[in-house]
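Below: the structure, in structure tokens.
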Amino acid sequence: MISPIGLFDSGVGGTTIWREVVRQLPWESTLYLADSLNAPYGEKSSEEIIALCEKNTEYLLDHHSKLIIVACNTATTNAITHLRAKYKVPFIGIEPAIKPAGLYSQTKTIGVLATQSTLKSAFFANTCQQLLDKGINVLKQEGIGLVPLIEEGKIDTPEMMVLLEQYLRPMVAEGIDYLVLGCTHYPYLTSLISEILPENVRIMDSAQAVAKQTERILSQNNLLAKKEEHVPSHLWLTNKNAEILQSFAPEGVRVLYEDF
Ligand code: DGL
């Protein structure tokens, strides 16, 4: 049996990471968990997030995942240290890409849109401090309400636009030249966000870096699938609404409801 790469998120958001992973590693099989029943994670305590991450990890391990991508900034910043200490499988995490954004910023002011639990985490505070020490100003904005709308498939809607305007305009006024999307759901909002941001503000996410790191770690552990070995298969599971998850799925992905 060929072991898949396992991925999980609080819902549909981690599929933005999945896309890049499959683009960079097209011969790998994947198993994706959308824990939409428990979304949003961003308003939960660290203890609650850790318990949900353990549940997802154990499901993925029971289904033979050879590596696990925590395709969620909130889960990574609150739980990855715990997961790495508890389970033997290699984990790849994702955190808001504020370091590269800070490095490239000309105005030395960057914005980050993320969940409350990510912005409150010690993990994030630590990275933020490193930037502050270099004289980079990091403007933090909680994306309250964005994830629930995306989870309902209400992306291109007036309610979404009202929230985005409210969150982004003040950061633009303060002179950001990079906006970091610190939640894996938010790349689905890129075209709406681009309508609000002036042209000089670049949008940054972490998907490419995560896929590159996945390849590196698989290779180091001698776990890379060989091209000729098998036809890759992709299964996405949700514990809430399979129709909604299906609407995010490209062709060739099997989407099923599962009580995990
Ligand atoms: N996709 C998530 C993240 O990257 C979590 C969103 C949420 O459930 O609040 O943070």
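The values are calculated or read from the model by the stated rules, or taken from the named source; none is laboratory data. Predicted, not measured: the structure shown is a model, and the values here were computed from it. So basically every Cβ, Gly included, is an ideal-geometry build from the backbone, and we count neighbours across all protein chains shown. Ligands, DNA and RNA are stripped out before the accessible areas are found, and what is left, the full protein with its side chains, is counted by its heavy atoms. Shrake-Rupley method; radii C 1.70, N 1.55, O 1.52, S 1.80 Å.
The table below lists the values:
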| read-out | value |
| --- | --- |
| Enumeration of residues in segment 201-233 that are surrounded by 15 or more Cβ atoms within 10 Å (Cβ to Cβ) and β-branched (Val, Ile, Thr) | 201, 203, 210, 214, 217 |
| Subset of segment 242-252 [within 30 Å of residue 158 (Cβ to Cβ) and either open to solvent by 70 Å² or more (accessible area, probe 1.4 Å) or out of contact with any strand residue (DSSP E or B) (no Cβ under 9 Å at 6 or more places or on another chain) (or both)] | 243, 246, 247 |
| Any chance residue 135 is out of contact with any His (no Cβ under 9 Å at 6 or more places or on another chain), at pLDDT 95 or above and in a strand (DSSP E or B) | no |
| Any chance residue 20 is of a type in the set (D, E, K, R) and either in contact with a Leu (Cβ under 8 Å, 6 or more places away or on another chain) or within 12 Å of the ligand (Cβ to nearest atom) (or both) | no |
| Test result for residue 105, surrounded by 16 or more Cβ atoms within 10 Å (Cβ to Cβ), among the small types (Gly, Ala, Ser) and over 18 Å from the mean Cα position of the chain (by Cα) | yes |
| The listed residue being open to solvent by less than 60 Å² (accessible area, probe 1.4 Å), among the small types (Gly, Ala, Ser), modelled with pLDDT of 95 or more and touching a Pro at 6+ places or on another chain (Cβ under 8 Å), out of 125, 114 | 114 |
| Flag if residue 154 is without any contact (Cβ under 8 Å) to a residue 24 or more places away in the chain and within 16 Å of the ligand (Cβ to nearest atom) | yes |
| Out of 162, 138, sole residue that is farther than 22 Å from residue 15 by Cβ, β-branched (Val, Ile, Thr) and open to solvent by 70 Å² or more (accessible area, probe 1.4 Å) | 162 |
